[in-house]
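The values are calculated or read from the model by the stated rules, or taken from the named source; none is laboratory data. If you're wondering where the values come from, they're calculated on a predicted model, not measured in any experiment. Here the Cβ positions follow ideal geometry from the backbone for every residue, glycine too, while neighbour counts run over all protein chains shown. Calculation scope for accessible area: heavy atoms of the full protein, side chains included, ligands and nucleic acids excluded. Shrake-Rupley method; radii C 1.70, N 1.55, O 1.52, S 1.80 Å.
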Amino acid sequence: MTANLIDGKAVARQIEAAVVAEIQRLGYAPGLTAVRVGNDPASEVYVRNKAKKADELGLRGTQRIFPAELSEAGLLAEVAALNADDEVDGILVQLPLPKHIDARKVIDAIDPTKDVDGFHPFNVGLLHLGRPSLVPCTPAGVMRLIDSTGVKIEGAHAVVIGRSDIVGKPMAALLLQRSATVTICHSRTRDLGSVIHQGDIVVAAVGRPLLVTGPMIRPGAVVIDVGMNRVEVDFADRLAHDPDKLRTLAKNGSVLVGDVDFVRAREVAGWITPVPGGVGPMTIAMLMQNTVTAAERRRR
Ligand code: NAP
């Protein structure tokens, strides 16, 4: 058996088209402001891509960039100004923040109606109560990917690996809301493989390259790989069975791999996401969707 590929880029394009249509219906361009502090190279790329995608879809994307020395009070003042600015519908503060800034304080300071990352405790509470809220983008995107397969979530056993506040926990809440039977695994889970094997749906959000092996997967399962791990030449042995990744590794000196052993899991699963090209493109698309949702709710 070879699993069907879930094409994250194609599903993301559908969501982006819906965002464009909603903006036209609204008749104005919702504003999204991305705040970055310091020069973390990955954050630079993320923030730039988010602002660019916003502009491409007809939102007003703005970047606010501050030096790493910005004080916590300075960042809180910036958040307060964005909260008060009626032109701003969505605020996102790119994580991680420099060590001298308490990320929790900053997240808590964002107006929950503009919290398009869905990280504010108010939105987290609404999500767990099953009420309308701004939902964290990555797990919201994963739900769209699962739905794109046509596999029924209700009654399925969903195994989520990882319990972070930004992926694992909201993922489990969303699956539970859709009446899956949900198991959450983490670093202390005993006999991880046999728990994963019970999953009709498996979502891996761990950050450990190729942690989930082929034999762990239940035949026919839907496998969603959130993990993004950049590995270098010392990892080549573990990729001996994956000529595509080996080629990229040889060419670039590093390669992006997921938490799932894609080649082996694909031989068993019914549906599977690649890395890259699976969950990644969905995260930005859902951020755009959240910004439009925030704008609609605020101006209702
Ligand atoms: P995180 O905060 O580091 O959380 C990782 C989770 O995995 C923790 O709950 C941890 O358990 C668990 N874990 C660690 N080792 C484990 C093991 N050996 N067995 C079982 N569970 C284990 O990571 P995150 O922010 O959720 O991100 C997870 C991955 O997703 C990363 O690779 C990240 O880059 C990627 N990601 C991708 C996107 C995207 O757009 N594609 C977005 C967000 C994140 P404990 O709680 O017990 O420590």
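Could you list, in sequence order, the residues of the range 266-276 that are hydrophobic (A, V, I, L, M, F, W, C) and either surrounded by 24 or more Cβ atoms within 10 Å (Cβ to Cβ) or part of a loop (DSSP other than H, G, I, E, B) (or both)?
Filtering the range 266-276 for residues hydrophobic (A, V, I, L, M, F, W, C) gives 268-269, 271-272, 275.
Those that are hydrophobic (A, V, I, L, M, F, W, C) and either surrounded by 24 or more Cβ atoms within 10 Å (Cβ to Cβ) or part of a loop (DSSP other than H, G, I, E, B) (or both): V268, A269, I272, V275.
Yes or no, residue by residue, for (1) without any contact (Cβ under 8 Å) to a residue 60 or more places away in the chain; (2) closer than 30 Å to A221 by Cα; (3) part of a loop (DSSP other than H, G, I, E, B); (4) open to solvent by 80 Å² or more (accessible area, probe 1.4 Å):
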| site | (1), (2), (3), (4) |
| --- | --- |
| T2 | no, yes, yes, yes |
| V20 | yes, no, no, no |
| L32 | no, no, no, no |
| V35 | yes, no, no, no |
| N49 | no, no, no, no |
| A54 | no, no, no, no |
| G61 | yes, no, no, no |
| V88 | yes, no, yes, no |
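Within the range 175-199, track down each residue that is of a type in the set (G, A, S), open to solvent by 40 Å² or more (accessible area, probe 1.4 Å) and in a loop (DSSP other than H, G, I, E, B).
Looking only at the range 175-199, we keep the residues that are of a type in the set (G, A, S), and these are 179-180, 187, 193-194, 199.
Checking the rest, the ones that are also open to solvent by 40 Å² or more (accessible area, probe 1.4 Å) come to 179, 187, 194.
Correct list: S179, S187.
State which residue is surrounded by the most Cβ atoms within 10 Å (Cβ to Cβ) when the search covers only the range 148-174 and only residues that are of a type outside the set (S, T, N, Q), closer than 17 Å to R218 by Cβ and away from the ligand (no atom under 15 Å from the Cβ).
A158
Restricting attention to the range 104-126, which residues are within 16 Å of the ligand (Cβ to nearest atom), in contact with a Gly (Cβ under 9 Å, 6 or more places away or on another chain) and in a helix (DSSP H, G or I)?
Correct list: V124 only.
Yes or no, residue by residue, for (1) at pLDDT below 95; (2) of a type outside the set (D, E, K, R); (3) open to solvent by less than 70 Å² (accessible area, probe 1.4 Å); (4) not assigned by TED's automatic domain parsing to the domain that holds D200:
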{"residue": "G214", "(1), (2), (3), (4)": "no, yes, yes, no"}
{"residue": "V226", "(1), (2), (3), (4)": "no, yes, yes, no"}
{"residue": "E232", "(1), (2), (3), (4)": "no, no, no, no"}
{"residue": "A240", "(1), (2), (3), (4)": "no, yes, no, no"}
{"residue": "A250", "(1), (2), (3), (4)": "no, yes, no, no"}
{"residue": "V255", "(1), (2), (3), (4)": "no, yes, yes, no"}
{"residue": "A295", "(1), (2), (3), (4)": "no, yes, yes, yes"}
